[in-house]
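To start, the structure itself, in structure tokens.
The values are calculated or read from the model by the stated rules, or taken from the named source; none is laboratory data. It should be emphasised that the depicted structure is a prediction, and the values quoted were computed from it without experimental measurement. Cβ placement follows ideal geometry from the backbone for every residue including glycine, while neighbour counts extend to all protein chains displayed.
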Amino acid sequence: MSENIMDYRFLLAALGLVTCVQVAWADDSPAIQSKLNACYAGTGSCNIDFQGARKTIGATLKVDPEYVTLRNAVFDCVMTSGTCLYVSEEGFPRARHPGSNRLEGLAVYGSKSIDGITMNYPGNDNVTNAATTLFNISLQGFNHGLVLGSGVWGADMHGVVIGNGNVGIYIPPDTKNAGELSTFVSGTVYNNAVAGLDEESNVELSFLGTRFDFNNQQMLLSGPTSFSGHIENFQNGKPEIVLKALPGVPAGSIYMSPGTTITVDQWNAASPQQPCYIQTSLPWNRIVVPATLWGFGGTQGAVCGPGKVVTWDRQAPDFQ
């Protein structure tokens, strides 16, 4: 029977009587934004639990961090530009009360033409904070997985996984009223085609038990960063960590804990492919190197440039 059906369809196709129809997904973003707006207006719940449902997001969701918590969903972001979730008080009256809101248990999928979650407030004040807590979030396939823009400080990220995009964590240039310490606890940043972390403004970041795995470059830093975790990659001909400097602010630096591990798979000290593991540009780029190193080297040595390096026990470096 099935063979006859297949032959019948082939005959109709040959006669030009069958055409391929692309099934369009229903866009769930208007209904979700309506729920969000009801929260902001005080007419609906501000604790929105999707109970594991899969939703198609065709337009940016505007999330006010002072009001709302989103939980337990899979979001397929299908817009062709912009960002999937925009976390901001932009366009909303300030609630002016402390909250404990967060994004929790969300798996967010997209494309390299859009960003995943953007926290940003462009207003010219140092009071409004666009940060919200992220708890068990997966961001997959984006141009920038997580963007921390202006008006963002003290953001807490727990168990955030960002992978298979261009840049995992992105700090845009010229951010304002931003940068006070934001912290990542656990989580993984992996398989990003450009960099795991690209920091184009000076911010303070802390990573506790976080993994950076197989990003094209691991970190491009313009500010002070503390790191405790695991960093692993193959050699790709580039420094894994680049420390930069911006005018009038502390230079890019990285302070790694003694227990941090650095691994370059298939490392051959007799034939390194990268110029160095860390590239510096100024003497006040600071580096504290952990105790466990494999592949921490290059054709020019472990560290390129004039940056200041000490080991985990605060001794002068000797990477022979």
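See the values below:
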| item | result |
| --- | --- |
| Residue count, the range 218-255 (criterion: within 27 Å of K176 (Cα to Cα), in contact with a Pro (Cβ under 7 Å, 6 or more places away or on another chain) and not hydroxyl-bearing (S, T, Y)) | 3 |
| Residue check, G141 at pLDDT 95 or above and more than 21 Å from S206 (Cα to Cα) | yes |
| One residue from V78, V68, V63, V127 being among the β-branched types (V, I, T), touching a helix residue (DSSP H, G or I) at 6+ places or on another chain (Cβ under 7 Å) and farther than 19 Å from P172 by Cβ | V68 |
| Qualifying positions in the range 277-294 - assigned to a loop (DSSP other than H, G, I, E, B) and crowded, with 22+ Cβ neighbours inside 10 Å | Y277, T280, N285 |
| Of all residues in the range 219-243 being over 16 Å from N191 (Cα atoms) and touching an Asp or Glu at 6+ places or on another chain (Cβ under 8 Å), the one that is surrounded by the most Cβ atoms within 10 Å (Cβ to Cβ) | L221 |
| Scope the range 244-273; condition within 18 Å of G297 (Cα to Cα) and either in contact with a Cys (Cβ under 8 Å, 6 or more places away or on another chain) or buried (at least 22 other Cβ atoms within 10 Å of the Cβ) (or both); matching residues | I254, M256, T260, I262, V264 |
| Filter result for G159 (over 10 Å from the mean Cα position of the chain (by Cα) and either surrounded by 22 or more Cβ atoms within 10 Å (Cβ to Cβ) or over 25 Å from P250 (Cβ atoms) (or both)) | yes |
| Any chance V264 is assigned to a strand (DSSP E or B) and more than 21 Å from the chain's Cα centre (by Cα) | yes |
| Residues of the range 26-76 classified as part of a helix (DSSP H, G or I), crowded, with 18+ Cβ neighbours inside 10 Å and modelled with pLDDT under 95, total | 2 |
| Subset of the range 162-184 (residues that are surrounded by fewer than 24 Cβ atoms within 10 Å (Cβ to Cβ) and among the hydroxyl-bearing types (S, T, Y)) | T175, S182, T183 |
| Within the range 89-116, considering residues that are small (G, A, S) and modelled with pLDDT under 95, the one farthest from W153 (Cα to Cα) | G91 |
| Yes/no for D313 being closer than 21 Å to F214 by Cβ and of a type in the set (D, E, K, R) | no |
| Options G168, G179, G123, G209: the member that is closer than 27 Å to S81 by Cβ and at pLDDT 95 or above | G168 |
| Complete set of residues in the range 226-237 that are at pLDDT below 95 and either assigned to a loop (DSSP other than H, G, I, E, B) or under 18 Å from V167 (Cβ atoms) (or both) | Q235, N236, G237 |
| Those residues of the range 32-68 which are of a type in the set (S, T, Y) and more than 27 Å from G154 (Cα to Cα), in sequence order | S34, T43, T56 |
| Neighbours by Cβ (under 9 Å, 6+ apart or cross-chain): first from the range 76-93, under 13 Å from I57 (Cβ atoms) and acidic (D, E); second modelled with pLDDT under 95 and in a loop (DSSP other than H, G, I, E, B) | D76/W25 |
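Yes or no, residue by residue, for (1) free of Cβ contacts under 8 Å to residues at least 40 places away in the same chain; (2) charged (D, E, K, R); (3) out of contact with any strand residue (DSSP E or B) (no Cβ under 7 Å at 6 or more places or on another chain):
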{"site": "V203", "(1), (2), (3)": "no, no, no"}
{"site": "L208", "(1), (2), (3)": "yes, no, no"}
{"site": "R211", "(1), (2), (3)": "yes, yes, no"}
{"site": "N215", "(1), (2), (3)": "no, no, no"}
{"site": "L221", "(1), (2), (3)": "yes, no, no"}
{"site": "F234", "(1), (2), (3)": "yes, no, no"}
{"site": "K238", "(1), (2), (3)": "yes, yes, yes"}
